[in-house]
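Read through the structure below, which is laid out as structure tokens, and then see the notes.
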């Protein structure tokens, strides 16, 4: 509740500052600028989505369905370097609704457009907010679009090549009884991959979030250090849930997330020390 209240106050303050910085531009013109930035971002997402839609069969087979086969690049890497070979993932898929395949073609196209066009979308939104900041605040957030985009795509890569295939392998191979077959719906299969990959992209923004929350005074480095053990335990539990029951897979998933937390602590410490000096 406190965070949401702060966001509303922060947004109102941004609008007020923008109006003060440019008195010739009334409030409604600011909203018009926001509308056009959203339109431009939407056009980019839609155009990329159309390209994916045109090539939907190739995308479905080579991006999504390939993850359920032993030939997927991540499984071949694990087999070659860690002797963790996947011989078969005993799953089959079916569409259970009349519009099921059509709906997920749309979802696949939209999410693909959103992920690939994310840097431009963020650039447009940041371009609207940035004029409302003071000069010192602008300097503090210099290069924000670049770092957000890099971390987001690193998270997408991590989610697609590490977390998602391990999750598909585990849940696809898990059986309570040999008499029960794993027949996934397209809905379930696609939702698992898309949500996992997208949330990993957002999760990799943790250092940026730590930086921003420290900047506005909601957290401190001491807070992050105090709950470091809790965070590590939570990460290990999460790794154990989404990966097969072997130590190597859990370590592969856990280490990058723990590193992100530590980078977040360093980012928080850096901005906190600067604020204390001021």
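Bear in mind that the values in this text are calculations on the coordinates, not laboratory data. It should be emphasised that the depicted structure is a prediction, and the values quoted were computed from it without experimental measurement. When we count neighbours, we look across all protein chains shown, and the Cβ atoms used for this are built from the backbone with ideal geometry, even at glycine.
A few remarks follow.
- Residue order for 206, 260, fewest other beta carbons within 10 angstrom first, comes to 206, 260.
- Range of Cα positions in segment 167-207 per principal axis (Å), largest first: 46, 18, 10
- The average projected area of segment 89-138, computed from the convex hull of its Cα atoms over all directions, is 6.5 nm².
- Distance histogram in 5 Å bins (all Cα pairs of segment 138-278, percent per bin): 2, 9, 16, 18, 17, 13, 9, 7, 4, 3, 1, 1, 0, 0
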